[in-house]
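Colleague: One structure, pasted below without further comment.
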């Protein structure tokens, strides 16, 4: 299981303010707290700083790396910001968020994956948008799988994101994701699967409960990475518990370890 | 309860079968089709809008209500001359160039249609020239632009500039929305308004057109 801590994102008000006031201490603490809570990677996204994103990316990546030695997930719709972030990464193999099968995006991002030998989040969308069904998503998966592996990217470095859309606007939105996961696991057993969870509950009450349930459901279908808030103890409790129940945690060692650390104490 | 109140209630509860039956019954009884819309279907949808905004109704319920309303509208529409069809205004809407996200935009379209606006939905990946062409062709009172990506939101500014260049800027109000959009950004690019959600966007349109 790979947990990508999502909190260092300037679309969150506190982070935006910290970036604007160059409050390095806040960012360092947020980085450290996420790693302490079990994150393996830290997402760094300052896409909302549209007029000085590169500068802010540089400051964030440097600041985060003052606090932790974790690898980073460099996240931006802007390829220049991604390259800026990648060029500064010091620890481990970086992860790029994200490439798609959109022609322009693909051509912009692929060279960065190759140059920095990065892991890559591959979104199941192309120039026609997000496909509605699992079958149509699989066409995009196949296309991306073929072109990425032909370009020399290792299967183990590809993280397919089936793209989670709200069940409030389409009854089958959740189940299409689950079916996509099953198909990816069957056809491409070596690649990884990743997603964020919160989109699924948009427009509905009790969003936390739905997000937690969707974590369990997607894990059952083979999801092995998430972009989430690792400080959410209930969610992290479900991650570790599900792994034990799914036979992914030898002798329940990890589950018992987080239990002893007090994760399940309210 | 009057038939109008019952019809409004049926729309609120999202009962599209019931909306069809009662609308037909009212037509057969000779009720004025315009009143069926204004005092029945639209009255119900107005309540839905208020409840949604207040957090008492949720997206799937609003979708059912909208569908119930349009089931009724389809029956009465042929009985009303086009020029008499009540309209809150005409809105041209699209997701901007380079951006393929349409869930948010679809919700806005649904809420606005339900509030009686005539919507021309250009779709996704709409460049400034296509917005300009749409304004010339459809003469809307409002343009709504949506963007989910921080890289594509800048295209909103290009559309504003393109409209200025064509001398059309003062003929329309421009509203924008989407995850990365803020009121500050709207002010910066010279848009007339920003809305954080579909219900607010609908209110914003009403206010701008009034």
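Colleague: Can you pull out every residue in the stretch B:168-188 that is in contact with a strand residue (DSSP E or B) (Cβ under 8 Å, 6 or more places away or on another chain) and either surrounded by fewer than 19 Cβ atoms within 10 Å (Cβ to Cβ) or in the same structural domain as residue B:53 (by TED's automatic domain parsing) (or both)?
Modeller: B:182, B:183
Colleague: Which of the strands (runs of 3 or more DSSP E) found entirely inside the stretch A:154-266 contain at least 2 residues meeting this: touching a helix residue (DSSP H, G or I) at 6+ places or on another chain (Cβ under 7 Å) and more than 28 Å from residue A:32 (Cβ to Cβ)?
Modeller: A:158-161
Colleague: Could you list, in sequence order, the residues of the stretch B:76-88 that are in a helix (DSSP H, G or I) and surrounded by 18 or more Cβ atoms within 10 Å (Cβ to Cβ)?
Modeller: B:76
Colleague: Only one residue in A:17, A:66, A:58, A:25 is within 14 Å of chain B (Cβ to nearest Cβ), part of a helix (DSSP H, G or I) and either more than 20 Å from residue B:154 (Cα to Cα) or free of Cβ contacts under 8 Å to residues at least 24 places away in the same chain (or both). Which one? Steps first, please.
Modeller: Details: A:66 fails: within 14 Å of chain B (Cβ to nearest Cβ); A:58 fails: within 14 Å of chain B (Cβ to nearest Cβ); A:25 fails: within 14 Å of chain B (Cβ to nearest Cβ).
Answer to the selection: A:17.
Colleague: Let me ask something additional. Does residue A:81 satisfy being closer than 22 Å to residue A:159 by Cα and touching a helix residue (DSSP H, G or I) at 6+ places or on another chain (Cβ under 7 Å)?
Modeller: The answer is yes for residue A:81.
Colleague: Sticking with this structure for a sec: Could you please find all residues in the stretch B:89-118 being within 13 Å of chain A (Cβ to nearest Cβ), in contact with a helix residue (DSSP H, G or I) (Cβ under 7 Å, 6 or more places away or on another chain) and assigned to a helix (DSSP H, G or I)?
Modeller: B:107, B:108, B:110, B:111, listed by residue number.
Colleague: Also, quick follow-up: Looking at the stretch B:141-174 only, could you name the residues that are within 28 Å of residue B:51 (Cα to Cα) and more than 14 Å from chain A (Cβ to nearest Cβ)?
Modeller: Within the stretch B:141-174, B:141, B:142, B:143, B:144, B:145, B:173, B:174 qualify.
Colleague: Moving on to the next point. Tell me, which residue of the stretch A:119-134 that is farther than 16 Å from residue B:123 by Cα and out of contact with any helix residue (DSSP H, G or I) (no Cβ under 8 Å at 6 or more places or on another chain) is surrounded by the fewest Cβ atoms within 10 Å (Cβ to Cβ)?
Modeller: Going through the qualifying residues, I end up with A:123.
The values are calculated or read from the model by the stated rules, or taken from the named source; none is laboratory data. Note that this is a predicted model, so its numbers are computed, not measured. Glycine gets a Cβ as well: all are built from the backbone with ideal geometry, and neighbour counts include every protein chain shown.
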